[in-house]
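Structure record follows, encoded as structure tokens.
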Amino acid sequence: MNIIELRNVNKYYLKSKSPLKRFAAAVGRGRGDSFCALSGVDLSVAKGECVGIIGANGSGKSTLLRLLAGISAPDSGSLRVRGKISALLELGIGFNPEYTGIENVRLNALLNGEKYVREQEILSFAEIPKEFCGMPVKTYSSGMLMRLGFACTVFSDADIILIDEVLAVGDIAFQAKCFEHFNSLKTGGRTIIFVSHDVDAVRRLCSRAVWLDSGRVAADGSVLKVTSEYMRSSVMKGTGNSLNSGCINRYGSHIGSILSVSGFGSFALGEQIRVASEVCVPHGAENAGVSLAIKDKFGLDLLVFRTERPLKPGRSTVVFSFKNPLLSGEYLAAVGVENREEEPISYYEYIEGAGVIRSAAPDGVFGLITAPCEIEVDS
């Protein structure tokens, strides 16, 4: 049984500032000049799933979370949520700025109908200094407020956890702790809906992604496939997608610039790997370079190599040669012809999933990659 079900959900917002028109829309007497934030959205989420919601600004991500949280209702269609929800949709939302950190933790638990307030766990996880626990949260920094709100959300007995784009406020150590806690929640069977612009974060946390584009579901499926399609659309609007058999995605302004890629296969740890890419740099291309990225199964970059000098127009063969630092497993490779002098990066062609490297390491070696390291012991 699905814990979340949306069928043909539509949500409109009135553009007019006229109180009369807004009242008429509220009582169902016409929408007037309205904006469609969500259009015909169908979505089902099973219990225990972790789903990432991606999309550009204004695509309807936050609107979708507000509907799921019960803050607003769809104008048409059906929405059904089975289970208790805990949501962190905006920095400081639900907190009384005049109340202390401890008082807000207790108030939050009361409003959410919590049977047991995990006060010390929340404050400890949020890393709120003791001297601030008894101070009004209006004196907190944005980082402290975000950490407290996140801790209150995830340390609840809710069945469904909704997280909007808030983790960017925390430092890298706190983000790592959040992801570790997310994994424990998934293991415990919680359902997580995670909205983020950070594709790497979605790939790391989620097994499934939903891409919203102008209020509609543009893609729904495996996280690597959907995020790759989203990246192609974001980087090169309106370009072709001539996919080759076996690769995940292929995009750019000059499809066909990458003529061939070879050298993939099975390798032992420490064995030499030579990946050769034959490319044809378009005439008029500026600062064109070639890159090779080795990724894990979630699409996260582990190793990235790229040429140091721009290539001349015409055909070139670029060979990347390195000792295999990868521990046992399968790794995806991506090859790109790109201009990194532009922001964002301009891709003449990019192939994600251009090949697969299978690596074998001795038993008892852990991690994803290994690197030379000098270790000194002074007893």
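The values are calculated or read from the model by the stated rules, or taken from the named source; none is laboratory data. Everything numeric here is computed off the predicted structure, so don't read it as measured data. Methodologically, a virtual Cβ is constructed for each residue, glycine included, from the backbone with ideal geometry; neighbour enumeration extends over all protein chains shown. The accessibility values were calculated without ligands, DNA or RNA, using every heavy atom of the protein model including side chains. Shrake-Rupley method; radii C 1.70, N 1.55, O 1.52, S 1.80 Å.
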Going through region 336-369 in order, the residues found to be more than 30 Å from P310 (Cα to Cα), assigned to a loop (DSSP other than H, G, I, E, B) and either in contact (Cβ under 8 Å) with a residue 24 or more places away in the chain or hydrophobic (A, V, I, L, M, F, W, C) (or both) are A361, P362, V365, F366, G367, L368
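Hey, any hits in region 259-266 for a residue that's closer than 21 Å to F366 by Cβ, in a loop (DSSP other than H, G, I, E, B) and either touching a residue at least 60 places away in the same chain (Cβ under 8 Å) or in contact with a helix residue (DSSP H, G or I) (Cβ under 8 Å, 6 or more places away or on another chain) (or both)? Even if it seems obvious, please write down each step before you answer.
Taking region 259-266 first, the residues closer than 21 Å to F366 by Cβ are 266.
The next check asks that each one be in a loop (DSSP other than H, G, I, E, B); those that pass are none.
No.
When you scan region 215-222, do you find a residue that is over 30 Å from S34 (Cα atoms), surrounded by 21 or more Cβ atoms within 10 Å (Cβ to Cβ), touching a residue at least 12 places away in the same chain (Cβ under 8 Å) and of a type outside the set (S, T, Y), even just one?
Taking every residue of region 215-222 in turn, none turns out to be over 30 Å from S34 (Cα atoms), surrounded by 21 or more Cβ atoms within 10 Å (Cβ to Cβ), touching a residue at least 12 places away in the same chain (Cβ under 8 Å) and of a type outside the set (S, T, Y).
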I'd like to check something: does region 322-329 contain any residue that is over 28 Å from R204 (Cα atoms) and of a type in the set (S, T, N, Q)?
no
Scanning region 332-379 residue by residue, those more than 30 Å from P313 (Cα to Cα), modelled with pLDDT under 90 and of a type in the set (S, T, N, Q) turn out to be T370, S379
Scanning region 306-333 residue by residue, those under 30 Å from P362 (Cβ atoms), touching a Ser or Thr at 6+ places or on another chain (Cβ under 8 Å) and either of a type in the set (G, A, S) or assigned to a loop (DSSP other than H, G, I, E, B) (or both) turn out to be N324, P325, L327, S328, G329
Considering residues that are touching a Gly at 6+ places or on another chain (Cβ under 8 Å) and open to solvent by 10 Å² or more (accessible area, probe 1.4 Å), the number found within region 171-198 is 4
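For region 34-150, give me every one of the strands (runs of 3 or more DSSP E) that falls completely inside it and has 1 or more residues that are surrounded by 19 or more Cβ atoms within 10 Å (Cβ to Cβ) and within 22 Å of the chain's Cα centre (by Cα).
Where strands (runs of 3 or more DSSP E) fall fully within region 34-150 and carry at least 1 residues being surrounded by 19 or more Cβ atoms within 10 Å (Cβ to Cβ) and within 22 Å of the chain's Cα centre (by Cα), they are 34-46, 50-54, 85-88.
Evaluate the following for D200: is it under 15 Å from the mean Cα position of the chain (by Cα) and in a helix (DSSP H, G or I)?
In short, yes.
Take G70 and tell me if it is within 29 Å of D213 (Cα to Cα) and without any contact (Cβ under 8 Å) to a residue 40 or more places away in the chain.
Judged against the criteria, G70 is a match.
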Margin query: On the basis of being open to solvent by 20 Å² or more (accessible area, probe 1.4 Å), in contact with a Leu (Cβ under 7 Å, 6 or more places away or on another chain) and either under 16 Å from E352 (Cβ atoms) or modelled with pLDDT of 95 or more (or both), does I248 make the cut?
Written below: yes
